[in-house]
1. Based on alpha-carbon centroids, what's the gap between region 171-193 and region 1-32 in Å, whole number please?
2. Compute the distance in nm between two label points, each set 7 Å from the Cα along the Cα-to-Cβ direction, one at residue 187 and one at residue 70.
3. Just need the relative contact order of region 141-190 here, percent rounded to a whole number, with Cα pairs under 8 Å and 6+ apart.
4. Given the DSSP H assignment, sum -39500 (n - 2.57) over each helix run of at least 4 residues in the chain and divide by its residue total; what's the result at 222 nm in deg cm²/dmol, nearest 500?
5. Output the peptides 89-100, 161-172 sorted from most to least packed, where packing is the average of other Cβ atoms within 10 Å over each peptide's residues.
6. Over the Cα atoms of region 63-134, Rg to Rh with Kirkwood Rh, two decimal places?
7. Over 16 Å, how big is the tail of the calculated P(r) for region 141-190, in percent of all Cα pairs?
8. Rg(Cα) of region 75-187 divided by 2.2 N^0.38 Å?
């Protein structure tokens, strides 16, 4: 199986990305294409779905998100395309919260999820996802505040997650300094740097 692919963004759409990895093109179903830029180098964690008539790659920002996806597709009646749509509609943390709180209505509001499937998701996964969310990296309060500020400025969760990694490389800065690092990083990506 292909665990992850690092390559340059060749093209992308609403729910997919084409990565160029040393001349080899990978077409990946991807929920966070809104955070991508052409010619940007990215690492995408992948799951290969094989059926009799199709081979598809599904991509994720982190191993934690991939783990959530794998748990979702383990639910009877929930396929990979529906699980990917769920990750497009809600962030990793939001989805875990919805399932842990048994929010059938929130699940039913997502495309392809009916009452029966929503109930099955909660039955199968409630109480089993909290440990996954606790595996997320813990950031200092200054970084958390800076990330919250980026969210308030309208940046997407995928972009914020990328900023968190960059910010965490620096230690002991103020919220304002971390925010400046995040904004500089995002501006550099916008201009294709």
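Readers should treat all values here as calculations from the given coordinates under stated rules, not as data from a laboratory. None of the values given here were measured: they were computed from a predicted structure. All Cβ positions, glycine included, derive from the backbone under ideal geometry; neighbour counts span all protein chains shown.
1. Between the Cα centres of region 171-193 and region 1-32 lies a distance of 25 Å.
2. Here the modelled spin labels are 4.0 nm apart.
3. Numbers: 37 pairs, mean separation 24.0, N = 50.
Relative contact order of region 141-190: 48 percent.
4. Working: 9 runs with 90 residues, N = 193.
Dividing the helical sum by the residues of the chain leaves -13500 deg cm²/dmol.
5. Working: 89-100: 18.7, 161-172: 15.4.
Output ranking for 89-100, 161-172: 89-100, 161-172.
6. Details: Rg = 10.5 Å, Rh = 11.7 Å.
Answer for region 63-134: 0.90.
7. Numbers: 281 of 1225 pairs.
Everything past 16 Å amounts to 23 percent.
8. Values: Rg = 16.8 Å, N = 113, 2.2 N^0.38 = 13.3 Å.
Normalised Rg, Cα atoms only: 1.27.
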